[in-house]
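Colleague: Okay, here's the structure, questions in a sec.
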Amino acid sequence: MLNISGLTEGYVLDHIKAGECMDIYTYLGLDKLETEVALIKNVKSRKMGIKDIIKIDGAYDLNFNMLGCLDPNITIDVIRDGKIVEKKKPDLPEYVEGIIKCKNPRCITTIEQELVHRFKLTNKEKGTYRCVYCEQSFKKH
Amino acid sequence: MRHLISPQDLSVKELEDLIVLAKDIIANPENYSEKCKGKKLATLFYEPSTRTRLSFEAAMLNLGGSVLGFSSADSSSAAKGESVADTIRVISAYADICAMRHPKEGAPLVASMHSSIPVINAGDGGHNHPTQTLTDLLTISQLKGRLDHLTIGCCGDLKFGRTVHSLINAMSRYEGVKFVLISPEELKIPTYLRTETLDENGIEYKEVRNLEEVMPELDVLYMTRVQRERFFNEEDYIRLKDSFILDNSKMKLGKPDMLVMHPLPRVNEISTEVDNDPRAVYFKQAEYGVYIRMALILTLLEDAKKSKEA
């Protein structure tokens, strides 16, 4: 089995839908970090069958709101002194601004570059976010 | 300050107030002929739409106001790359109210966020066209005497037809309204409309593939065009297109007081022989479009005046 060393300070993003850790990596801007980041794909999971995990070394200030709109099933383990001190589930914020982008080619955001992409939560159970301008639902792919 | 961007911006009460005002304008047009004297409507049309633009202009002229504007993006500063936000800031200094049509969805909303005058969405791409919905509601209310307890048939392209989507959303708010959705399989209403509007609100509806079989049930038949380019192959188009063309033989199956409506322009989905049937009200509908726009302009200007005084 692949061995990834434990963290002393940082975050473990667990229960990421299999195959989507790269998307989360990109949306969170983890590529800009200078600390160690491990992306682990297709980990066996009793609950999910297989899942992805991301381990982030260092006390990086994660934007949990962003995670909620990307994948509400993710668990965030906060690691301090080598121990999990907190397990968090991301909330579904009512609005998400400047993080995810509208992919509707007919949306005004495609021609007005300075417009902040803004999404509204329209269905809490399904975690559906719609662009406030064109009302297209957000899809990661 | 109030704007009208989506048909859902208006509550049932506000819709009712607009319809009551429009009906009073129809009955007493002379009382309104100078209501907007000295006021200016800017028509900002980034794509051509003669019918909607002229309807807005006629509405403002009927109220004694004046109009200015442009009718294509080429003749506006958008051609030089000006943003919608900057354009509306400038137009706010020239006019008292504006109607905007834009090919990009959400553009009128962006304008309203930066405007110091009321913005009316006159159509943004395939997204919203609230004044068409208001026109449809006034037509039904004026000619049927009510907006509740009606069976509304929507026929044709229900997948891409935004007027139908808006009508379903608007009419779903009235008690006892049922929908009969008549379209080819390929052009059924989108899933989100079925689940988020009809199913979620427990609205009675059925989806059928044949117009003739449901004609006797309908109080209103709202026709839209089945476009050739929406089909994957010519064979399917030829096979299906006649099922969705309204002619006198199909009209014979309808109730004597049924209304036939159409957002226009009509191509061939309603045979011209139907035009003389008293139940064909699509040209009357275009006329009501002017009255409801007059009511809307008056209401939004009044609201803007109150906002400035406050």
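Colleague: Can you pull the one-decimal nm distance between simple spin-label points at A:R46 and B:D24, each 7 Å off the Cα toward Cβ?
Modeller: In this crude spin-label approximation the distance works out to 7.0 nm.
Colleague: Next question. I'd like the Kirkwood hydrodynamic radius of the stretch B:183-310, using the inverse of the mean 1/r over distinct C-alpha pairs, in Å.
Modeller: Numbers: mean 1/r = 0.0574 Å⁻¹.
Taking the inverse mean of 1/r over all distinct Cα pairs, the stretch B:183-310 comes out at 17.4 Å.
Colleague: If Rh is defined by the Kirkwood formula over all Cα pairs and Rg also comes from Cα, what ratio Rg/Rh do you get for the protein assembly as shown? Before the final figure, lay out the partial values.
Modeller: Details: Rg = 26.3 Å, Rh = 24.9 Å.
Rounded to two decimals, Rg/Rh equals 1.06.
Colleague: Could I ask something else about it? Along the three principal axes, how long is chain B when you take its alpha carbons, biggest first, rounded to the nearest angstrom?
Modeller: Each principal axis gives a Cα extent; for chain B these are 56, 43, 39 Å.
Colleague: Turning to a different aspect of this structure: Zone of B:Y94 (label point 7 Å along Cα→Cβ, backbone N under 15 Å): which residues in the stretch B:60-86?
Modeller: Under 15 Å, as judged by backbone N against the label point of B:Y94, lie B:66-86 of the stretch B:60-86.
Colleague: Could you pull out every Cys in the protein assembly as shown that lacks a partner Cys with its beta carbon under 4.7 Å away?
Modeller: For the protein assembly as shown, the answer is A:C21, A:C69, B:C36, B:C98, B:C154, B:C155, because their Cβ atoms have no other cysteine Cβ under 4.7 Å.
Colleague: Once you average over the residues of B:120-132, how many Cβ atoms of partner chains fall within 10 Å of each Cβ?
Modeller: Mean inter-chain Cβ contacts per residue within 10 Å come to 2.
Colleague: Calculate the FRET efficiency for B:E235 and B:E213 from the Cβ-Cβ distance with a Förster distance of 25 Å, rounded to the nearest 0.05. Please list the in-between numbers first.
Modeller: Numbers: r = 23 Å, r/R0 = 0.93.
Calculated transfer efficiency: 0.60.
Colleague: Could you tell me the calculated FRET efficiency between B:K159 and B:E200, based on Cβ-Cβ distance and R0 = 30 angstrom, to the nearest 0.05?
Modeller: 0.95
Colleague: Going by Cα centres, the stretch A:88-141 and the stretch B:121-175 are how many Å apart?
Modeller: Between the Cα centre of the stretch A:88-141 and that of the stretch B:121-175, the gap is 26 Å.
Colleague: The stretch A:2-121: D in µm²/s via Stokes-Einstein (Kirkwood Rh, Cα pairs, 10 °C, 1.306 mPa s)?
Modeller: The Stokes-Einstein estimate is 102 µm²/s.
Colleague: Please give the FRET efficiency for A:E112 paired with A:N73, using the beta carbon to beta carbon distance and R0 = 35 Å, rounded to the nearest 0.05. The partial results should precede the final answer.
Modeller: Numbers: r = 34 Å, r/R0 = 0.96.
E(calc), rounded to 0.05, equals 0.55.
Colleague: Continuing with the same structure: Tally the DSSP beta bridges in the protein assembly as shown and give the antiparallel ones as a percent, rounded to 5.
Modeller: About 50 percent, rounded to the nearest 5.
Colleague: Counting partner chain Cβ atoms within 10 Å of every residue's Cβ in A:125-137, what's the average?
Modeller: Numbers: counts 0, 1, 0, 2, 0, 1, 2, 4, 11, 10, 7, 3, 1.
Averaged over the peptide's residues, the number is 3.
Colleague: Further, regarding this structure: Classify the stretch B:23-150 as rounded, prolate or oblate from the Cα gyration tensor: take a ≥ b ≥ c as the square roots of its eigenvalues, call it rounded if a/c is under 1.5, otherwise prolate when a/b beats b/c and oblate if not.
Modeller: Oblate shape, in that a/c is at least 1.5 and b/c is the bigger or equal ratio.
Colleague: Report, to one decimal in Å, the Kirkwood hydrodynamic radius for the stretch A:96-136 based on all distinct Cα pairs.
Modeller: Mean inverse Cα-Cα distance, inverted, gives 10.4 Å.
Colleague: I want to check the label-to-label distance for B:L143 and A:S137. Put each point 7 Å from Cα in the C-beta direction and report it in nm to one decimal.
Modeller: With each label point 7 Å from Cα toward Cβ, the separation is 3.5 nm.
All of the numbers you see were taken from the coordinates with simple rules; none came from a lab. What you see is a predicted model; the values in this text were computed from it and never measured. Here Cβ is always computed from backbone atoms with ideal geometry, including for glycine, and neighbour counts include all displayed protein chains.
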